[in-house]
Amino acid sequence: MNTRTATAAGPAATGERSSLVRLYLSRGVLAVAWALAFAGAHEDVDAVAITLLVVYPLIDAVSSLIDHRALAEGPERRVTAFNGVLSTLAALAVGVAGAGGVAPVLHVFGAWAVVSGAAQVVVGLRRRGPELGKQWPMLIAGGLSFLVGVFYNIQAAGADPSLDVLSVYATGGGVFFILQALLLVRKTRQLRTRTV
C-alpha cells in the first residue's frame with residue numbers, strides 16, 4: 001500500500017484526488033480524441049499517421065511527468081518516472097518504425113503496451129486504499145494493455161498486420177481513465193458526506 005496515500009488526510013488527500021481527477025480526465029479525453037483522429041488517418045503509414053503515432057506515447061509521457069511532480073519520493077514515484085521515460089523512448093521508436101511500415105509500428109507499440117501496462121498495474125496497486133479507492137479501472141486497463149501488447153507483437157509477425165487495432169486500444173484506455181476520474185469524484189463526495 002502507498003504509505004503516502006494511506007496516511008493522507010483532510011485537505012491533502014482531497015487535493016491529491018482533485019489533481020488525479022484532472023489528470024485522468026484529461027488523459028482519457030485526449031486518448032479518445034486521438035483514437036478518432038487516428039481512425040481516419042492510418043490507411044497509409046504517411047507523415048500524418050506517423051505524427052499521430054508519435055503523439056500518443058508523448059501524451060502518456062507528459063501525463064507521467066505531471067503525475068511524477070505531484071508524488072512524494074518513493075516506489076510509486078520511481079515507477080511513474082520510469083513510465084514517462086519509457087513512453088518518451090516509445091515515441092521516438094515508433095517514429096523511426098513508421099518508415100518501415102505497419103509491422104514494425106505494431107512491434108514497437110506492442111512492446112510499449114506490455115511494459116507500460118505492467119507499470120500501470122504497479123501504480124494502481126500502490127494507490128489502492130481508503131483515499132483513492134480500489135483503482136480497478138486502472139488495474140484492468142494496465143492488465144489489458146499488457147495482454148494487448150503481446151497480441152500486437154503476434155499480429156505484427158503474421159501475414160496481414162493492421163493498425164486498426166490501435167484506435168480500439170486508445171479508446172479503451174481513454175474510457176478507463178475517464179471512468180477512474182468519475183470514481184474518484186464519487187469517492188470525494190462520499191468522504192465529504194461522512195465528514196458533514
Taking into account only those residues within the range 15-36 that are over 18 Å from N83 (Cβ atoms) and surrounded by fewer than 17 Cβ atoms within 10 Å (Cβ to Cβ), which is modelled with the lowest pLDDT?
G15
Would you confirm, using the coordinates I've provided, whether R77 is at pLDDT below 80 and closer than 15 Å to G124 by Cα?
no
In this structure, is A99 crowded, with 17+ Cβ neighbours inside 10 Å, aliphatic (A, V, I, L, M) and either part of a helix (DSSP H, G or I) or in contact with a strand residue (DSSP E or B) (Cβ under 8 Å, 6 or more places away or on another chain) (or both)?
no
Under 8 Å by Cβ, and 6 or more places apart or on different chains, what pairs join a residue from the range 109-126 that is farther than 19 Å from Y56 by Cα with one that is of a type in the set (V, I, T)?
V122/V79; V123/V79; V123/T80; R126/T5; R126/V79
Among what's in the range 148-187 and is part of a helix (DSSP H, G or I), surrounded by fewer than 15 Cβ atoms within 10 Å (Cβ to Cβ) and of a type in the set (D, E, K, R), pick the residue that is modelled with the lowest pLDDT.
R186
Exactly one condition in (1) at pLDDT below 85; (2) in contact with a Ser or Thr (Cβ under 8 Å, 6 or more places away or on another chain); (3) under 23 Å from G117 (Cβ atoms) is false for V102; which is it?
(1)
Given (1) in contact with a helix residue (DSSP H, G or I) (Cβ under 8 Å, 6 or more places away or on another chain); (2) more than 21 Å from V150 (Cα to Cα), where does E73 come up short, assuming only one miss?
(1)
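The values are calculated or read from the model by the stated rules, or taken from the named source; none is laboratory data. Since the structure is predicted, the reported quantities are computational estimates derived from the model, not experimental observations. Heads up, the Cβs are rebuilt from the backbone with ideal geometry, glycines too, and the neighbour counts pull from every protein chain shown.
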